[in-house]
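The values are calculated or read from the model by the stated rules, or taken from the named source; none is laboratory data. Keep in mind that this is a model prediction, so the values were computed, not measured. Positions of Cβ are backbone-derived with ideal geometry, glycine not excepted, and every protein chain shown enters the neighbour counts. Keep in mind that these areas ignore ligands, DNA and RNA; they rest on the heavy atoms of the full protein, side chains included. Shrake-Rupley method; radii C 1.70, N 1.55, O 1.52, S 1.80 Å.
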Amino acid sequence: MERRQFIGLIGAAAAAWPLAARAQQSSNRIPVVGVLWHAASAEEEDVYLSVLVKAFNDLGYIEDKNIHFDHRFPAEKPDRFQTMARELVDLKPDVIIAVTAIGAVDVKKLTSTIPIVFVFVPDPIGLGLVEGLADPGGNATGLSLIAVDLTGQLVLLKEAVPNLSRVALVTDAGNPVKERIIAGNEKAARDLGISLWPAEISEPADVEPVFAKMVTDRADGFALTLGPLLFNLRARIGAAALAHRLPAISFVGEEVPYGLLMSYGQDFPDFFRRAVTYTDKILKGAKPADLPVEQPTKFKLVLNLKAAKALGITFPHALLVSADELIGV
């Protein structure tokens, strides 16, 4: 072989080495998933964080082996949502999972390229996260909530408490669709012959004054709407419900054990399992724009027998046999 040909071959091979090394590096890269929660870490870990991690494990993802997580816990502080959304976007992860509407909106404002999977969002179109449910049309998709109409909840509460006539509707001040929830449920209450009025909680210190006002207003019970703050205050709200002898219903089954009478709503742990499925598809090459927003199809009824006994309430047989979960058996 002539010297010139040999040098040419060596030069071409040398030029290819960095490309091969980079390709090998790229193929060995561990995907990164950022997760923007809403509460403090301890409040999330015992409920939904463990569900999320297990769902990833079930699909073969193991932390720091073939996936890396960057978790952020805003602890319900609006400015921390914004700051932590920025932190996650700056890390340039492969996917960001945003657990609430507030977090999803903050992340979406900061990036149009990083895929976003939202988990608890009541109106993704109205909030500007997607163009449509069937065709999201951008970098975000995920799981939407049905959180405006409480008709089913009020019907069930009245079935458990037949003399129910005056109900407080406890709302989270930070819920972006709070006014729609109030308007929709005022009509539902009228159809059932129930007097309904809103009672807003904007911080933990509001819990006792709100319950004192319910008693003053002679409420027969209350309906707890969706909201991250209300979820974080579930132990305090449940204790107040029992202390003031007020039967209550909520959307969230995970709130019931703390003293609420019952819940009827979406299967919230399943939201996280489904969000992991979406994330897995994106990590394997799917685009959020091609993944339709999923609406809930799985609902569950949870009854708290221990709270019913404390309140002197006997659940009708029809409710007992239709319950998905009985607490205090």
Rounded to 5, the percent of DSSP beta bridges in the stretch 189-329 classed as antiparallel: 40
Surrounding net charge for Lys298, when Lys and Arg each add one and Asp and Glu each subtract one, Cβ distance under 10 Å: -1
Amide H within-cut-off set for Val95, under 5 Å, with H built and near neighbours excluded: Val32, Gly34
Accessible-area ranking of Met262, Met84, largest first, probe 1.4 Å: Met84, Met262
Summed residue charge, Cβ within 14 Å of Asp106's Cβ, Lys/Arg positive, Asp/Glu negative: +2
Cα centre as origin, Lys/Arg/Asp/Glu Cβ charges: the stretch 30-175 dipole, Debye: 220
Estimated vicinal HN-Hα couplings, Hz - the stretch 53-64 in sequence order (Karplus 6.51, -1.76, 1.60; Gly, Pro = x): 4, 4, 5, 5, 4, 5, 8, x, 8, 10, 3, 6
Probe 1.4 Å - accessible area at Asp79, Å² to nearest ten: 100
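Go through Ser202, Ser144 and list them by solvent-accessible area, largest first, probe radius 1.4 Å.
Ser202, Ser144
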Per-residue HN-Hα couplings for the stretch 319-329 [Karplus 6.51, -1.76, 1.60; θ = phi - 60°; Hz; x = Gly/Pro]: 6, 4, 6, 9, 5, 7, 8, 10, 9, x, 5
Amide H partners (placed H, <5 Å) of Glu200, local residues excluded: Thr171
Shape category assigned to the stretch 74-122 from the gyration tensor of Cα positions, a/c cut at 1.5: oblate
DSSP beta bridges in the chain [antiparallel fraction, %, rounded to 5]: 10
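Placing unit charges on C-beta atoms (Lys and Arg positive, Asp and Glu negative, everything else neutral), compute the dipole magnitude of the chain about its Cα centre in debye, rounded to 20.
460
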Accessible heavy-atom area order of Glu254, Glu63, highest first, probe of 1.4 Å: Glu63, Glu254
Glu131-Ala212 pseudo-label distance in nm [points 7 Å out on the Cα-to-Cβ vector]: 5.3
The stretch 44-177, accessible surface, carbon-and-sulfur percent (1.4 angstrom probe): 53
The chain: angle of helix 101-110 to the longest principal axis, Cα-based, in degrees nearest 10: 30
Per-residue HN-Hα couplings for the stretch 117-125 [Karplus 6.51, -1.76, 1.60; θ = phi - 60°; Hz; x = Gly/Pro]: 10, 9, 10, 10, 10, x, 8, x, 6
Rounded to 10°, Cα long-axis angle of helix 234-243 versus longest principal axis of the chain: 10
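Filter the cross-link list Lys77/Lys213; Lys158/Lys306; Lys108/Lys281; Lys108/Lys300; Lys178/Lys287 down to pairs whose alpha-carbon distance in this structure exceeds 29 Å.
Over 29 Å apart, Cα to Cα: Lys108/Lys300; Lys178/Lys287.
Using the Cα gyration tensor of the stretch 162-215, with a ≥ b ≥ c the square roots of its eigenvalues, what is the shape: rounded (a/c below 1.5), prolate (a/b larger than b/c) or oblate (neither)?
Oblate.
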Residues with amide H under 5 Å from that of Leu301, placed H, sequence gap 5 or more: Asp324, Glu325
